[in-house]
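Asker: This is the structure I have questions about; it appears just below.
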Amino acid sequence: MLSKINDFFGIVEQIRAVDTTGVVPMAHPVDAMPGSHIELRLRPDVASEPNQRDLNQRSAPAVERGLFLVPKVIE
């Protein structure tokens, strides 16, 4: 465990050694959204798996209208 912790701190030191002079920190990740000065490269939002809701809910103790029913825990 000590070796893994030391490896982590080694990575932190490598990051701290990077010259960030002139790099403006982002106040929020939204700063990197389209239309800002930096754009994130995101993959298209496309369903890659078929809908298997019925198959996945077969083992559920209680289902209603496609939703899992769970016991009430907060009154």
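The values are calculated or read from the model by the stated rules, or taken from the named source; none is laboratory data. Treat the numbers as computed from the prediction; the structure is a model and nothing was measured. Cβ sites come from the backbone with ideal geometry, for glycine too, and all protein chains shown count toward neighbours.
Asker: On the given criteria, is Ile15 modelled with pLDDT of 90 or more and either surrounded by fewer than 10 Cβ atoms within 10 Å (Cβ to Cβ) or not small (Gly, Ala, Ser) (or both)? Please lay out each step first, then the result.
Answerer: Values: modelled with pLDDT of 90 or more: yes; either surrounded by fewer than 10 Cβ atoms within 10 Å (Cβ to Cβ) or not small (Gly, Ala, Ser) (or both): yes.
Judged against the criteria, Ile15 is a match.
Asker: List, please: which pairs have Cβ atoms under 6 Å, are six or more places apart or on different chains, and start with a residue in segment 4-21 that is in a helix (DSSP H, G or I) and end with one that is among the hydrophobic types (A, V, I, L, M, F, W, C)?
Answerer: none
Asker: While we're here: State all residues of segment 38-72 that are among the hydrophobic types (A, V, I, L, M, F, W, C) and at pLDDT 90 or above; if no residue qualifies, say none. Break it down into steps so the answer makes sense when it comes.
Answerer: First pass over segment 38-72, keeping only residues among the hydrophobic types (A, V, I, L, M, F, W, C): 38, 40, 42, 46-47, 55, 60, 62-63, 67-70.
Once the filter is applied, which keeps residues that are among the hydrophobic types (A, V, I, L, M, F, W, C) and at pLDDT 90 or above, segment 38-72 yields Leu55, Ala60, Ala62, Val63, Leu67, Phe68, Leu69, Val70.
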